[in-house]
Amino acid sequence: MCKGVRWCTLQLSILCCFQVFQGQLDRLAVSAIQALTAVMLKSPAAKEVFKERIGYAHIFEVLKSMGQPSRELLEELMNMAVEGDHTSVGILGISNVQPLLLLIQWLPELESPDLQVFISNWLKRICCINRQSRATCVNTNMVIRIIETLGGHSLLHGTCAENLIALLGSLGSQSMSSEELHQLIRLLRTTDPKQAHPYVVPVMRAILTMARKQGLDNALQYFDLSHSMAGIAVPSIQRWPGSAFSFSAWLCLDQEQVSPSAYSKGGKRKQLYSFFTVSGMGFEAFITCSGMLVVAVCTKKEYATVMLSDHCFCDSLWVRRAVPAY
């Protein structure tokens, strides 16, 4: 895997060493990005190795050295972010947030206003699909990256800037630190105190979006267990203290952003709890890929399950689940 990553990066690096036509340069860069996407496809480990050992900053510098990017190249970075077709917003979610940060950083240097508007509008859509997408963006410091980009407002098309500020409002409704809010307000300073900054109105709208209560009550603090390897571990149970137990928790599940073909392969279940002894007996409950709750009991003789099929839990709502087991 690491050899594949190094090879793809070498492809990008040699772009700086040869004088070729711009069209050929773009095609080679697009092919390199496609190869990188294929190497890191569905592999958190490969993404982490690439981020730590090579870095997206290196990719950014190499791509910038080629001059103005083509729309095809920018779209390939968007495809890398969703690991699929970037036009499938709502079907595909964010699989790799790093290309999104790169695109935000690149916006002020794009000479085409149409490209600026196109990319910023897509970013606003993909980053705000659901709670999980917003949390992913917030946790990677996207808010600061957007504010830094907005600092070059003279290079940004008005619609592009408004899209980025609207995205800030959505991400801020998820989480925003006092330092981030301070930097956002500092953007509104002007050298002439009598002249209002062009961001004043959209920034005020964004702040109102952050403060406004939207929809039903949401948890302000929670465990984000969306990663495939995330969970809460408890010590092994050597012996059950009694003949029964009950499990109670608040949970919220967003609809999985996966292609329809994934369901034909069985999909992935969300484990609610799993308590087993060393001999293999115990209790578990999980949510199927279609959102149904399944409660199971495993004894020496059988594995019995009951499915609650009259309600789908992948509705992005906070619900309290209590499961008694006897």
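The values are calculated or read from the model by the stated rules, or taken from the named source; none is laboratory data. Everything numeric in this text was worked out from a predicted model, so none of it was measured. All Cβ positions, even for glycine, are placed from backbone atoms using ideal geometry, and neighbour counts span all protein chains on display. To get the accessible areas, we keep the full protein, side chains included, count just its heavy atoms, and leave off ligands, DNA and RNA. Shrake-Rupley method; radii C 1.70, N 1.55, O 1.52, S 1.80 Å.
Observations
- Look at segment 180-208: where a residue is without any contact (Cβ under 8 Å) to a residue 40 or more places away in the chain and farther than 16 Å from I165 by Cα and a partner is open to solvent by 40 Å² or more (accessible area, probe 1.4 Å) and hydroxyl-bearing (S, T, Y), sitting 6+ places away or on another chain with Cβ atoms under 8 Å, you get A196/T190.
- For E72, the conditions (1) open to solvent by 70 Å² or more (accessible area, probe 1.4 Å); (2) modelled with pLDDT of 85 or more; (3) farther than 21 Å from W122 by Cβ all hold with the exception of (3).
- Scanning segment 125-183 for residues that are touching a Phe, Trp or Tyr at 6+ places or on another chain (Cβ under 8 Å) and modelled with pLDDT of 90 or more yields a total of 3.
- Any chance M80 is over 21 Å from N163 (Cα atoms) and part of a loop (DSSP other than H, G, I, E, B): no
- Filtered by the rule that a residue be open to solvent by less than 30 Å² (accessible area, probe 1.4 Å) and aliphatic (A, V, I, L, M), segment 40-69 gives M40, A46, I59, V62, L63, M66.
- Evaluation of M210 against (1) surrounded by 13 or more Cβ atoms within 10 Å (Cβ to Cβ); (2) in contact with a Pro (Cβ under 9 Å, 6 or more places away or on another chain) (one fails), failing number: (2)
- Residues of segment 171-202 that turn out to be of a type in the set (S, T, N, Q) and either within 18 Å of V117 (Cβ to Cβ) or assigned to a loop (DSSP other than H, G, I, E, B) (or both), as a count: 5
- Filter pass, K124 being touching a helix residue (DSSP H, G or I) at 6+ places or on another chain (Cβ under 8 Å) and of a type in the set (D, E, K, R): yes
- Single residue of segment 270-326 satisfying the filter (among the aliphatic types (A, V, I, L, M) and modelled with pLDDT under 80) that is nearest to Q132 (Cα to Cα): L317
- Of the helices (runs of 4 or more DSSP H) contained entirely in segment 100-160, not one carries at least 3 residues that are in contact with a strand residue (DSSP E or B) (Cβ under 6 Å, 6 or more places away or on another chain) and surrounded by 15 or more Cβ atoms within 10 Å (Cβ to Cβ).
- Within segment 278-290, residues that are within 10 Å of R239 (Cα to Cα) have Cβ atoms under 9 Å from residues that are modelled with pLDDT under 80 and surrounded by fewer than 15 Cβ atoms within 10 Å (Cβ to Cβ) in these pairs: V278/S236; V278/I237; V278/Q238, counting only partners at least 6 apart in sequence or on another chain.
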